[in-house]
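First the structure, in the form of structure tokens, and then the observations on it.
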Amino acid sequence: MSAPDPGFGIYVHWPFCQAKCPYCDFNSHVVRNVDQVTYARALVRELEHMAMLSDPQAVTSIFFGGGTPSLMKPATVETVLAAIDRLWGINQGVEISLEANPTSVEADKFRALAALGVNRVSLGVQALNDKDLKFLGRLHSVDEALGAIELARTHFGRMSFDLIYARPDQTVEAWTQELTRALSFAVDHLSLYQLTIEEGTPFFDLHARGAFTVPDEDQATMLYDATQSICADAGLNAYEVSNHARVGAECRHNLTYWRYGDYVGVGPGAHGRVPKGGAKCATVTERMPSKWLALVEAQDHGLVDQETITPAQSAEEMMLMGLRLQEGVSLKRYASLSGKPVNADRLSELSGDGLLQQTGDQLKATPAGRLVLNKLLGELLA
């Protein structure tokens with residue numbers, strides 16, 4: 001059975017937010033009165049440069065991420081989509097996703113985005129109780145979140161929303177009730193993330209000072225296990241570590257990442273894996289929006305790093321991404337990229353420990369292996 005086609009995606013980063021969430025370490029910035037016409041033109045110029053940089057590919061997905069892309073005016077989205085269509089072509093069936101916050105959605109905007117071809121929206125709900133929404137720095141209420149979910153269902157054929165668990169003092173019982181409630185909203189895709197305390201965020205300093213605590217490792221594991229069980233019972237399997245979907249409702253764009261496909265990334269701080277001459281070129285753009293804009297205006301792109309990925313690096317990246325997937329990775333593909341097979345002794349040892357499972361050519365992390373994925377990869381590829 002042949003491996004699924006990873007596809008070719010285009011990621012567009014919109015870095016602006018209404019407020020910076022205290023847990024967020026993404027490249028996002030609170031900037032008032034963004035000149036969207038200027039930024040749209042800059043995104044088009046960078047897309048044009050990326051098209052010249054890469055081999056021709058058929059686009060299978062487009063993803064507007066952030067930041068808060070739902071703060072983009074429909075005219076801005078239209079300008080970017082028109083450029084992608086001109087440079088690569090947008091055929092029928094291409095998945096076009098846009099991230100949205102409940103506080104930045106309205107019926108007229110959603111209606112306009114759907115008319116432009118956006119066919120999937122991902123809502124940053126994060127919690128279904130107002131106390132925890134306030135703790136997480138969210139600007140919306142539960143009622144607003146539920147209203148946004150209903151509105152998204154009206155205008156888009158596909159919809160997902162995010163929740164964060166392992167919050168302070170969260171019990172398995174409370175999370176079970178909250179997740180069960182979330183699943184009642186005709187959900188076909190959920191992204192469920194464990195709260196992590198990232199260095200450089202306000203939460204990092206507050207946590208270090210003892211302002212709050214998060215569940216310990218044992219409690220976090222119980223919350224994770226409950227998440228997997230509840231979603232599986234509802235028919236939303238964990239096709240990736242943090243993503244649950246009904247069959248056929250998986251995010252095509254994110255599957256391109258995890259299946260180690262090619263993708264172009266434009267906008268401040270965007271990463272890419274651009275196909276060139278049979279190899280992959282890793283690209284990174286300037287993170288600061290004002291500096292990125294100045295670079296694009298000076299040289300047609302905001303690239304600050306660009307290098308060809310070696311076969312050994314490609315094999316490691318493919319394994320790193322692919323073991324996050326329930327479907328796993330192809331051992332033949334790994335060997336083809338790296339020039340050598342996975343170490344048989346280490347594979348046997350880790351399989352014996354119940355962390356890996358091999359079925360024919362496919363190698364998968366077991367549920368226990370997913371809990372220690374970084375350590376598992378380090379031992380497998382050492």
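Of note:
- Only one of the numbered conditions (1) modelled with pLDDT under 95; (2) outside the structural domain of I96 (by TED's automatic domain parsing) is violated by D262, and that is (1).
- So E316, is it within 24 Å of V372 (Cβ to Cβ), among the acidic types (D, E) and in a helix (DSSP H, G or I): yes
Let's see how each residue does on (1) without any contact (Cβ under 8 Å) to a residue 24 or more places away in the chain; (2) over 24 Å from N243 (Cβ atoms); (3) aliphatic (A, V, I, L, M); (4) part of a strand (DSSP E or B):
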| site | (1), (2), (3), (4) |
| --- | --- |
| Y263 | no, no, no, yes |
| P268 | no, yes, no, no |
| L295 | yes, yes, yes, no |
| E307 | no, yes, no, yes |
| A312 | no, yes, yes, no |
| K340 | yes, yes, no, no |
| L347 | no, yes, yes, no |
| S351 | yes, yes, no, no |
| K364 | no, no, no, yes |
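- Test result for E95, of a type in the set (D, E), assigned by TED's automatic domain parsing to the domain that holds D143, more than 26 Å from D143 (Cα to Cα) and buried (at least 20 other Cβ atoms within 10 Å of the Cβ): yes
- Residue count for the stretch 323-338, restricted to those that are under 19 Å from A238 (Cα atoms) and either without any contact (Cβ under 8 Å) to a residue 60 or more places away in the chain or of a type in the set (A, V, I, L, M, F, W, C) (or both): 4.
- Only a single criterion out of (1) within 18 Å of the chain's Cα centre (by Cα); (2) part of a loop (DSSP other than H, G, I, E, B) is not satisfied by L98, namely (2).
- Cβ-Cβ under 8 Å pairs, at least 6 apart or on other chains, the stretch 155-179 side on the phi > 0 side of the Ramachandran plot, far side part of a helix (DSSP H, G or I) and among the acidic types (D, E): none
- Failed item, numbered, when E198 is tested on (1) closer than 27 Å to V284 by Cα; (2) modelled with pLDDT of 95 or more; (3) among the acidic types (D, E); (4) out of contact with any strand residue (DSSP E or B) (no Cβ under 6 Å at 6 or more places or on another chain): (2)
- Of the criteria (1) closer than 22 Å to A238 by Cβ; (2) more than 27 Å from the chain's Cα centre (by Cα), which one L373 fails: (2)
- The condition (being touching a residue at least 40 places away in the same chain (Cβ under 8 Å) and closer than 27 Å to T213 by Cα) is satisfied by just one residue among G65, G147, G137: G137.
The values are calculated or read from the model by the stated rules, or taken from the named source; none is laboratory data. Computed from a predicted model, the values in this text were never measured in an experiment. Every residue, glycine among them, receives a Cβ derived from its backbone with ideal geometry; neighbour counts consider all protein chains shown.
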